[in-house]
Structures are given as C-alpha cells and as structure tokens.
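Participant: Input: one structure, supplied below.
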Amino acid sequence: MDSNIEPAFQAQLQQATVYDSQQQNGFNHEPHFDITPQEQQDTSQQQLAAQACASCRKQKRKCDKLIPQCSLCQRIGRRCDYSEENRVLPPSAEEFTSLRQEVAELKHLLSSNVLPSARANASTKSSSDVSMSNDSSPANFLSSIIPNGQSQQPAWPAPSSFPSLFFLDSSAFEYERFQIQVPHIRVPPGALAALGSSAELRLMIENFFSSVHTYFPIVSKIRLYQHLANPLHEPGAEVALLFMAMKLVSTELPEGSPPQTPVYQDVKSFYTYMEAQNGFSIQMLQGLLLISLYEYGHGIYPAAYLSIGNAARLGHAMGLHARDVPQMLPRCTTWTEQEERRRVWWAVLILDRISNIGHRGKPFASAEPSPDMHLPTDDAAWDRGQMLAAAPLSLSASQTIRASSFARACQSVHLAGKVCRHIDDKTTPLDYRFEEALQLHRTLKALVALLPTEAEGEDPTAGPTLCSSMAICYSALLTLYDAYGCSERLVPDAPETQLIMQQESIQGIAEICESVLLLCRKIRQRIELGEGLGRLSPMTIECIYEAGASYAWYLRETSEPRYAEKLAEVSQLLRLCERRWRVAGQYLHYIDEFWQYGCMGDTDPREYISVIEATEYQMISAIR
C-alpha cells in the first residue's frame, strides 16, 4: 500500500493530459453512419478543418472535416466541435522533461511557502495537521504557482463545460443519446500537503475503515484500494476531496477544541472549489456526506442542515434515487460499484431523516424511497467484493428476514421518516391519523423487539453493530409517543383510537427509556473494554438525549430517587460521548438548563437523591 499511494497522488502534477476510459475502450452509444462516396467527393472543393471533429474522434468514425459542420454530425443532428482543447494526444518526451522541471519548481514552492508557514503556526504538529493554506482557500494555492506579474488577483481556473440541456430539457438530452463527460479538476497543491506522506495517508485510511466505516459503510474498501494500486488510474480532485473528508470525520478532536478546525475549513473550501468547477462524481458526493456527518455529529448548525440538503440535491441530479431518470454518471461496470451507489443514496436518506427528528415542520430534502428499492447487502461481503447468490432484499420485505447492520439502519430510518411525516401532516382525517399512528407504533415495536436478539450474537470487533439501528428506532418511538402522550393535546370528539394511542404512548415512553438505558450500558461497556470512542456513531446520541429529558421530567413530577439515578447514568454517558462528538455536550447542556429552570438548580442528579431522602425522612418524622 505504501508504494502505491504516494506515486498515485504525485501523478497529479506529472501528467499533462487525462485519458478518458470511454475513449480508450471505444464505447459507442450512437448509430453507425458512414460517409457516402458522393459526400467524400464533394468535400474536396470545400474548406476543411485541420483535424477531425471531437465526436468522430471519440466514436472512431471517418470525418470529412467540413467547416462549419462535418457531414456525419449534420446528418444525425449532433454538435460538431473542431476546437483544439478537446484533442487528447500523448505527451511528447520534451513535454515530459518540461513537466518534470515544473514539478521540481512546484515542490520548491510548496516546501518554501506552504509547509514553513504551517510549521510556524504549530511547530509541534505533524505533517498530517498541515492545513491547505493560511486562510483555507484553494484559490490562493492555485495562484501560488502562477509567476509574479501574470496575475494580480488570485482566481480559480475556468469551470469545465457542462451540457445545460441535461437540466433544461432532459427528454431531448436522452433522445439525442448525449453523454456527460466527467470533468477533470486540478488538485490544489495544498490538498496534497494536508494529506501528508504516503505512510500517514495509509494510516488514515485504515483508521477510517476501522472506525467510521463500521456504522457508515458508504465507501467501497476494495474499489478504493484497487483504484490507488492501478498505475493506469489517475486519482483526481474528487479522490483527494474524499480522502480529506475521511481524515476529517475519523479524527478525534483534542479535548476542549472547537470542531471548526483548520482541516474542516480546508475541506469545506475544497468542496466549494469543486462545485465551482462543475464537478460531480460519486466520490464528491461521498466526501460531502462525510462532511455532513461531521457537522451533524458536532452540532455545527445550520451548516449540517444545508450540507445534507446539498447532498440530496447532488444525488437527485446524478440520478441515484431511481434508475428510470436521466443519469449524469456512466453506467456501472461491476456489482460492487452498483452497490456503492445504492449505499451512498441510502446514506443521504439516513442523514436527511435523522437530522429532521428534532427539527419539526420542515420537508425532507430527499425523495421518499419506493417499496421495491433494494436494501444494502451484507457489509462484509461487499467489502470483499463478493457478490452473494441470495436475491437482494427490498424495502417492503418482511422485517423477520435477517439483514445486514446497515440494511437494518435503512429500515429504521425509513420508519423514522414516516413518523416525522405523520406528525407534520395536519391535513389527514382524525380517524385515519390515529390508525396510522397505531400502525407506526406496532411496526416500530416489532423491529425494536427483533434488533436486540440479533445483536446478542454479533461480534463488535468483526464488523458493524446494530447500535445505530436500535437508536434510530428508539428516537422514532419517543418522537411518536411525545406527540400523543400529553393529555392537553387531546382532540375533542375524536375516535376511540385516540385514547388507545395515548395509553400506548404513556406506557411506551417508560419502556423505551429503559431500553435506551440498556443501550447506554452496552455502549459504555464497549468503550471501556478497549473499543474506544472511534466506533461511536453520532446517530446514537439523539435517543440518549430524549431519554435523559424524559427522566428529567419524571424526576420533576415524582421526585423519586430512581429517576435521579437513571438521569445521572445518562448524563455520564453524554459526557463520555462529548469527547468524540461535541453534539453530546450540547444535549447535556440543554438537560442541565432544564434542571436549572426546573427543580434542581445547579445540583447534580446524584446529589439530588440525598436531598429527596432527607426530605422524606423529615416528613416521616413530622407525621410521627
């Protein structure tokens, strides 16, 4: 691995052109038309271009080079382009010599301008902590390679061309069988410096796959390694963006430091740069999803909410949500690649739903998945690139059929999304509304009863766990029960199902809070047994907060010491989770504020137990 990663990235600065895979393989998606002898004879008396048009070169067709349009392009009604910028020629030996000299000069600039400034800001940091620039702007790094006097103001290069017909009239785009060429975007030199050496990059990748990948498996391990090991593949800017996002989300923050680190600012600037260059790819969306996960886990709002919406828009534009819509990406060539795209879209749905559980009244940014949409397959088999013989599992399949951990998370978040839609929809008739609430209650309870049984036999060190799935189900149930458990929200003259749902909600809150408490103990046990905080999913924290708020309410209403003990246990885990995800500290602050303005002031819940016991003793003494 060591010998393959660094040369692959150094090739960014040593290559003059990019060979498009479809051009090399000669894929032809257009009908075969040949130039007739009469047309060929007529061309001798007309003005000819210096070279064949781009379309004929790509499809390997004979071009008569007529100006302004060759006969073949005119006959089939396609755009004819003779521009020199589309020519793809192998670099000559002189060009390679010149490039080597420029690379040497560029390395000198990087070592003299970039790295010393980073060392001056933090002399004790390793190269893995190097930021892209002093002010986190890729444009400044692009301007650093321009000689003095040629540019007064730093500016990004001109964006790659994109066929606007894809968005203006997708029917015409599909009818003409046009294809979108994935643009080649130059990597800002600072991005390579921020990733560090090949050894540091290898350690970062291994750390990512052993931590974040266990609960958010959206990056194919085998495809990533194959891509880096193949000398014919040139890693582009989208791969560099993905690596920076992997580094961002898998790195634990130092205690007390804010989450808006220089690396976070760099990767956000890098994505903005990619977007300005009309970039799009599955790696770019994966990088954006990891950025969104980081922002969600650290409570960086409204950035997290907007980033998730941006990811949904990009996924819709590329056509990941359905197969029968216009596609921006080329057709998949392997099962592993198809599964990766499916997982990426499910990740969009997961982040979109869980970020709206506590943020009521807002529509989802992503479309509702269809019942026949396939769930992710076995996680370990996908990591190995091993296609299973079993038929894929659809979303409408029975919950009793065993599924992978990530598939369970997808099922859970689908039900959580239905709960959010149900609560926000105020237009449905009352009888249907309460029937739907009861149906959601029964479906979620059935899945909740199934998950702990499956989790008993899992090996936490071997792969993903079901903690995220259980936490999402608990959050959905507590959200549903909160909407129907309060007697003040009862609707007059409502059907009998309203009282049934209220009874189920009051009883269900206590039961689910106990289940969350068991989940807290399980998480704490795994952390203390050596698993650490690296594999702690931020998706588990929201249900812990809801349980803590419920115990705070129980304690205020009943003053029973057992609720103070449970609240203290939940608060301790939130403090532990804060070391990995800062949003846990924000949740804990809200619980503390509730107590401050509720009944306890600044008293610790464990200290409140003795206060209750002393008060009960005084009351008994007074009665006697």
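The values are calculated or read from the model by the stated rules, or taken from the named source; none is laboratory data. Bear in mind that the values here come from a model prediction, so they are computed numbers and not experimental data. All Cβ positions, glycine included, derive from the backbone under ideal geometry; neighbour counts span all protein chains shown.
Participant: Of all the residues that make up the range 499-544, how many are over 23 Å from ALA449 (Cβ atoms) and among the hydroxyl-bearing types (Ser, Thr, Tyr)?
Facilitator: Final tally of qualifying residues: 0.
Participant: Between a first residue in the range 319-330 that is assigned to a loop (DSSP other than H, G, I, E, B) and a second residue that is of a type in the set (A, V, I, L, M) and surrounded by fewer than 16 Cβ atoms within 10 Å (Cβ to Cβ), which pairs have beta carbons less than 6 Å apart while being 6 or more apart in sequence or on different chains?
Facilitator: Within 6 Å, the pairs are GLY319/VAL325; HIS321/ALA367.
Participant: Checking ARG575 against (1) at pLDDT 90 or above; (2) within 20 Å of TYR215 (Cβ to Cβ); (3) within 26 Å of the chain's Cα centre (by Cα): exactly one of these is not met. Which one?
Facilitator: The one condition ARG575 does not meet is (2).
Participant: Which one is modelled with the lowest pLDDT among residues in the range 255-270 that are of a type in the set (Ser, Thr, Tyr) and over 18 Å from GLN283 (Cα atoms)?
Facilitator: SER257
Participant: While we're here: Could you list, in sequence order, all residues of the range 208-248 that are of a type outside the set (Phe, Trp, Tyr) and not in a helix (DSSP H, G or I)?
Facilitator: SER211, PRO217, ILE218, VAL219, SER220, ASN230, PRO231, LEU232, HIS233, GLU234, PRO235, GLY236
Participant: On to the next question. Return a yes/no flag: does the range 308-316 have any residue that is outside any helix (DSSP H, G or I) and either surrounded by fewer than 17 Cβ atoms within 10 Å (Cβ to Cβ) or outside the structural domain of GLN586 (by TED's automatic domain parsing) (or both).
Facilitator: no
Participant: Would you check which residues across the range 269-328 are among the β-branched types (Val, Ile, Thr) and more than 22 Å from ILE180 (Cβ to Cβ) and list them?
Facilitator: Listed by number, the residues that qualify are ILE291, ILE300, ILE308.
Participant: Give GLU546, GLU511, GLU565 a once-over and let me know the one that is modelled with pLDDT of 90 or more, in contact with a Gly (Cβ under 9 Å, 6 or more places away or on another chain) and assigned to a helix (DSSP H, G or I).
Facilitator: The unique qualifying residue is GLU546.
Participant: Using the structure shown, decide if TYR305 is farther than 22 Å from LEU375 by Cα and surrounded by fewer than 17 Cβ atoms within 10 Å (Cβ to Cβ).
Facilitator: no
Quick grid of which residues meet (1) within 25 Å of the chain's Cα centre (by Cα); (2) in a helix (DSSP H, G or I); (3) acidic (Asp, Glu); (4) at positive phi:
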| residue | (1), (2), (3), (4) |
| --- | --- |
| SER370 | yes, no, no, no |
| ALA397 | no, no, no, no |
| SER412 | yes, yes, no, no |
| ALA416 | yes, yes, no, no |
| VAL419 | yes, yes, no, no |
| THR428 | no, no, no, no |
| TYR432 | no, yes, no, no |
| ARG442 | no, yes, no, no |
| LEU450 | no, yes, no, no |
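Participant: Oh, and also: Since ARG526 meets every condition but one in (1) touching a helix residue (DSSP H, G or I) at 6+ places or on another chain (Cβ under 7 Å); (2) in contact (Cβ under 8 Å) with a residue 60 or more places away in the chain; (3) assigned to a helix (DSSP H, G or I), which condition does it not meet?
Facilitator: (1)
Participant: Looking at ILE308, ILE357, can you tell me which residue is at pLDDT 95 or above and within 24 Å of ARG408 (Cα to Cα)?
Facilitator: Step by step, each of ILE308, ILE357 is checked, and only ILE308 is at pLDDT 95 or above and within 24 Å of ARG408 (Cα to Cα).
Participant: Could we say that THR377 is of a type in the set (Ser, Thr, Tyr) and at pLDDT 90 or above here?
Facilitator: yes
Participant: Is it the case that some residue within the range 485-495 is more than 28 Å from the chain's Cα centre (by Cα), outside any loop (DSSP other than H, G, I, E, B) and surrounded by 12 or more Cβ atoms within 10 Å (Cβ to Cβ)?
Facilitator: No, the range 485-495 contains no residue that is more than 28 Å from the chain's Cα centre (by Cα), outside any loop (DSSP other than H, G, I, E, B) and surrounded by 12 or more Cβ atoms within 10 Å (Cβ to Cβ).
Participant: Name the pairs whose Cβ atoms lie under 6 Å apart, with the first residue in the range 180-196 and within 13 Å of GLY279 (Cβ to Cβ), the second surrounded by 21 or more Cβ atoms within 10 Å (Cβ to Cβ) and aliphatic (A, V, I, L, M), and 6 or more positions between them or separate chains?
Facilitator: ILE185/ALA237; VAL187/ALA237; VAL187/ALA240
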